[in-house]
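All remarks here apply to the structure that follows.
The values are calculated or read from the model by the stated rules, or taken from the named source; none is laboratory data. Bear in mind that the values here come from a model prediction, so they are computed numbers and not experimental data. Cβ: placed from backbone, ideal geometry, glycine included. Neighbour counts: every protein chain shown.
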Amino acid sequence: MLKYILKRLGVAIPTLLLLIIFSFVLMRLAPGGPFNSERPLPPQVLANIEAKFGLDQPWHLQLWEYMVGIITRFDFGPSFAYTDRTVNDIIAQGFPVTLTYGTWSFVLAVLFGCSLGVAAAVRHNSWLDYFSVGTSIGAQVLPNFVMAPILVIVFTLWLRWLPGGGWNGGQWNYVIMPVIALGTSYMASIARITRSSMLEVLNSNFIRTARAKGMPAHHVILRHALKPALMPLLSYLGPAFVGMVTGSVIIDVYFSTGGIGQLFTNSAFNRDYSVIMGITILLGTLTIMFNLIVDILYAWIDPRIRY
Amino acid sequence: MVLRPVRVEASADPIDVDDANYEVSAKGRSLWADAAGRFFRHAPSVVSLVVLILVALFAFTGHFFAAWSNEEIDWSVLGNVRIAGVPSLESGHYFGTDDLGRDLFSRVVQGSQISLMVGFVGAGIAVVVGTFYGAVAGYFGGRIDSTMMRIVDILLSIPYMFVLILLLVVFGRSITMLYVGIGLLSWLDMSRIVRGQTLSLKEKEFVEAARAGGAGHFTIIFRHIVPNLMGIVVVYATLLVPQMILTESFISFLGLGVQEPLTSWGALISQGAGTVMYGTLWQLLFPLFFFVVTLFSFYFIGDGLRDALDPRDR
């Protein structure tokens, strides 16, 4: 087990370093420095600004400083566009918002997805089963940037139940639509995976034995069938998490929730390289860590996995 | 496996077999003909194929039917798009106009072209690079394999959407950069799948026979392994096209992808979604319709092809 964890770390850590180096090199490769605007600055001023941000140093020293800053102090340096703020300030402003609706979507997607999948498998070939299969096919072609406008049309424009955007400190009626828009397609995928693995488990011999000895149906499902049926789901949680992190960019932009995705796109338009790098590295780290945890959990729960 | 007619020497055979008749009765059916038969018996995939051909026809010949070009601004509509810009046959704006008074029909035609192109180019790069990379890694095995696949693992665990956006920001937002970025990232999954197949294929007797016959490594890969991989590659490529279209639409929805005056489904959906509040629903629904229909078709065709070509599920 320990060997397996070390092996996984052996992939995760180089990946992280590579991500940092890659973003850094990209930023340096960019044609024109971050301070080349339409109005060329006097060379003296430009030199002063570059000295302030450490851009006059040789680039390997800059890279070293940057990496040391991130790893030891979790410091992404100053923002290039807003000179009075650091990247950390900007991230700290948007991150709680994203975290709030992201967590809700993730939890609800897993809960509803699992229940729907299990129910569909238990009532195989019933209307519930067809409903779950139908929604999972539909959700494949309705990604979050399609869901979001549809939700706004229905709930804001026609029914006038929910506000069409904004965050308002996380008041419940502002949170609902981002959560639904972000989570629906993942809920459908989770339901599809759970359904097919549950069907497979329900047809296996040990379930037949459990039924044959007269065990009540709910007991068979909850005690015996559920755990092996949820195993394949665990390996899907990694990609689902990545997808949700990425999808939050769309949600933030469309609903103007002010989360990290909105900051990311704003910086992309402002060419604020340090903020883009900071967010890329932060979210990259999150996804890599999450995948690591899922992999280790998987190996821990399923003793058949041997490395 | 290909069934070939066996030629029987008439003189060697005590029973007089009519040579010509024998060949007719044992007419070979290739694996591909078999698969095509299965595919065309599967109704949803055939319908999807027809729909997809119609969408492609719309994308590449639609401009002949448009009354307005995609760049002209209809000044009579401007400022009153909600009422004057509705879809109608009389004004020549079959799909209405967009917010700037441009004809939505020709815009959707143009956007469909670009979205389909992005999908096919991305999947094409994935097929070429991914197949070659995966086949080489799987065929040689050992240290070469583990190094090559470790690189793929590392690249796969990077959240690629953010890296793609980073690329677009640094090198300027252009369609070329979008192609490059999508191409750089699309082949990773393909190479994994191909490698897995190659691992089992290289142990087969025909590879051994080729080696015994003195074929070089790359001859074996290209003449013997790659043709046998084509089934799974075709299935996976069909499923990759909608993924590429989704990626492009995602980025264009954010305004970071295709730039004006060019457009794509994602950009059109984004514009339509932005003006939903003003009651111009058609600006969202027309591009959305083509987007959803195309993705649906690709998924159904992919499913049908998998059933037809993948022998494991039968």
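Structure notes:
- Counting the residues of the range B:284-311 that are touching a residue at least 40 places away in the same chain (Cβ under 8 Å), of a type in the set (A, V, I, L, M) and within 14 Å of chain A (Cβ to nearest Cβ) gives 3.
- Count of residues meeting criterion [in contact with a Leu (Cβ under 7 Å, 6 or more places away or on another chain) and either more than 9 Å from chain B (Cβ to nearest Cβ) or aromatic (Phe, Trp, Tyr) (or both)] in the range A:282-291: 1
- Checked against the criteria, residue A:232 counts as in contact with a helix residue (DSSP H, G or I) (Cβ under 6 Å, 6 or more places away or on another chain), not hydrophobic (A, V, I, L, M, F, W, C) and not in a loop (DSSP other than H, G, I, E, B).
- Total residues in the range B:37-55, condition small (Gly, Ala, Ser) and surrounded by 15 or more Cβ atoms within 10 Å (Cβ to Cβ): 2
- For the range B:107-128, the condition holds for no residue, the condition being that it is within 14 Å of chain A (Cβ to nearest Cβ), more than 29 Å from residue B:59 (Cβ to Cβ) and either part of a helix (DSSP H, G or I) or free of Cβ contacts under 8 Å to residues at least 24 places away in the same chain (or both).
- When the range A:169-212 is limited to residues that are crowded, with 21+ Cβ neighbours inside 10 Å and among the charged types (D, E, K, R), the one that is farthest from the other protein chains (Cβ to nearest Cβ) turns out to be A:195.
- Residue ID - farthest from the other protein chains (Cβ to nearest Cβ), chosen from residues in the range B:161-180 that are buried (at least 20 other Cβ atoms within 10 Å of the Cβ) and within 12 Å of residue B:122 (Cβ to Cβ): B:178
- For residue B:203, the conditions (1) of a type outside the set (Ser, Thr, Tyr); (2) in a loop (DSSP other than H, G, I, E, B); (3) surrounded by 16 or more Cβ atoms within 10 Å (Cβ to Cβ) all hold with the exception of (3).
- Filtered residues of the range A:262-276 (kept if at the interface with another protein chain (Cβ under 9 Å from one of its Cβ atoms) and at pLDDT 85 or above): A:264, A:265
- Matching entry among A:119, A:109, A:81 (being surrounded by fewer than 21 Cβ atoms within 10 Å (Cβ to Cβ), away from chain B (no Cβ under 14 Å) and touching a helix residue (DSSP H, G or I) at 6+ places or on another chain (Cβ under 7 Å)): A:119
- Against the list (1) free of Cβ contacts under 8 Å to residues at least 60 places away in the same chain; (2) on the phi > 0 side of the Ramachandran plot; (3) within 14 Å of chain B (Cβ to nearest Cβ), the condition residue A:166 fails is (1).
- In the set (1) in a loop (DSSP other than H, G, I, E, B); (2) in contact (Cβ under 8 Å) with a residue 40 or more places away in the chain, residue A:215 fails one condition alone, (2).
- Only listed residue being buried (at least 22 other Cβ atoms within 10 Å of the Cβ) and either in contact with a Gly (Cβ under 6 Å, 6 or more places away or on another chain) or under 19 Å from residue A:117 (Cα atoms) (or both), chosen from A:284, A:259: A:259
- For the range A:137-153, the count of residues that are polar (S, T, N, Q) and more than 25 Å from the chain's Cα centre (by Cα) is zero.
- Identification of helices (runs of 4 or more DSSP H) wholly contained in the range A:9-128 with 2 or more residues that are at pLDDT 75 or above and over 24 Å from residue A:280 (Cβ atoms) yields A:43-52, A:87-122.
- Test: residue in the range A:146-162 that is over 27 Å from residue A:295 (Cα atoms), among the small types (Gly, Ala, Ser) and surrounded by fewer than 16 Cβ atoms within 10 Å (Cβ to Cβ): no
- Residues in the range B:245-283 that are buried (at least 24 other Cβ atoms within 10 Å of the Cβ), away from chain A (no Cβ under 12 Å) and modelled with pLDDT of 85 or more were compared, and the one that is farthest from residue A:246 (Cα to Cα) is B:263.
- Members of the range A:48-76 that are loosely packed, with under 12 Cβ neighbours inside 10 Å, under 19 Å from residue A:279 (Cα atoms) and either over 32 Å from the mean Cα position of the chain (by Cα) or not polar (S, T, N, Q) (or both): A:68, A:73, A:74
- For the range B:181-190, the count of residues that are surrounded by fewer than 18 Cβ atoms within 10 Å (Cβ to Cβ), away from chain A (no Cβ under 14 Å) and not in a loop (DSSP other than H, G, I, E, B) is zero.
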